[in-house]
Amino acid sequence: MFELVRTIAIAMVDAIPWTIALTVFSFLAGAVLAIPLCALRVSRFGIVRTVGLSIILILRSIPPIVWLFFIFFGIGSGLLHLSPFVSGVLGLALITAGNVAEIYRGALKSVPAGQYEAAKVLGLSPLRQYVDVLGPQIFRVALPSSATYAIGLLKDTAVASTIGVPELASAAYHVSMDTFRGIEVYATAGVMYFCISIVMALGTRTLDNRLRVRVAR
């Protein structure tokens, strides 16, 4: 039994880099796109806030598989030539942007008003205010929620198998078809997802502890 599981794991291990890359690139792209979305969402102008809210609602309401199909089979087969991996990254990044924008907005609200006033008193430009004073505080507050979302995104990458990305869920399906061992294969895949999630959680906790120590100083 152990030898069978070991053989299955070896057959699936090549899919792990694809899963990690899909998670990392999707999250990073979404985290960057979330910045202007958050800016729209907290604008002083009502119309701009409404536009930002509408975009976020659209991004969050449409299921991941619909975004992937729209990009890969729609845009990717007509207007542009997009590979399954690029399509998967774009689709998941859009959803990530909508969700992380709300995380950023919550982090912005958690920063005391005195910090904004202090940044202005220092005579810093608006950009330097966020980079030097407000940004580190916002990042520290947003980190736990962002990490939780990233772990969820790791599991959501399974939908990319529907457009041909050779990630972990796709590899598990093909191995199960070749070996006719469904329980062992998918149990192994579950353990792999679990191990990656644990590493991500521990890394985030370590980073959060270091940031807390720096702030305490």
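Arg210 passes all but one of (1) exposed (fewer than 13 other Cβ atoms within 10 Å of the Cβ); (2) farther than 30 Å from Tyr116 by Cβ; which number fails?
It is condition (2) that Arg210 fails.
Among all residue pairs at least 6 apart or on different chains, which show Cβ distances below 7 Å where the first residue, located in the stretch 80-92, is part of a loop (DSSP other than H, G, I, E, B) and the second is at pLDDT below 95 and hydrophobic (A, V, I, L, M, F, W, C)?
Final answer for the pair search is Leu82/Ile71; Leu82/Phe72; Leu82/Ile75.
Kindly provide the set of residues from the stretch 135-149 that are closer than 14 Å to Arg205 by Cβ, crowded, with 17+ Cβ neighbours inside 10 Å and among the small types (Gly, Ala, Ser), ordered by number.
Passing the criteria: Ser146, Ala147.
Could you grab me the full set of residues in the stretch 176-200 that are part of a helix (DSSP H, G or I) and loosely packed, with under 15 Cβ neighbours inside 10 Å?
Correct list: Met177, Asp178, Thr179, Gly182, Ile183, Ala187, Gly190, Val191, Phe194, Cys195, Ile198, Val199.
Do we find a residue being polar (S, T, N, Q), closer than 19 Å to Gly135 by Cα and in contact (Cβ under 8 Å) with a residue 24 or more places away in the chain anywhere in the stretch 103-116?
Yes, the stretch 103-116 has at least one match.
Among residues belonging to the stretch 157-175 that are surrounded by fewer than 18 Cβ atoms within 10 Å (Cβ to Cβ) and in a helix (DSSP H, G or I), point out the one that is modelled with the highest pLDDT.
The extreme case among them is Thr162.
One line per residue, one yes/no per condition, for (1) among the acidic types (Asp, Glu); (2) over 20 Å from the mean Cα position of the chain (by Cα); (3) crowded, with 20+ Cβ neighbours inside 10 Å:
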| residue | (1), (2), (3) |
| --- | --- |
| Leu22 | no, no, yes |
| Leu33 | no, no, no |
| Leu37 | no, no, yes |
| Val48 | no, yes, no |
| Ile62 | no, no, no |
| Ile65 | no, no, no |
| Leu68 | no, no, yes |
| Gly76 | no, yes, yes |
| Leu80 | no, yes, no |
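What is the number of the single condition among (1) out of contact with any Pro (no Cβ under 6 Å at 6 or more places or on another chain); (2) at pLDDT 85 or above; (3) buried (at least 16 other Cβ atoms within 10 Å of the Cβ); (4) among the charged types (D, E, K, R) that Arg205 does not meet?
(3) is the only condition that Arg205 fails.
Check off (1) at pLDDT below 95; (2) under 16 Å from the mean Cα position of the chain (by Cα) for Ala11 and give me the number that stays unchecked.
(2)
The values are calculated or read from the model by the stated rules, or taken from the named source; none is laboratory data. Keep in mind that what you see is a predicted model, and the values were worked out from it rather than measured. Methodologically, a virtual Cβ is constructed for each residue, glycine included, from the backbone with ideal geometry; neighbour enumeration extends over all protein chains shown.
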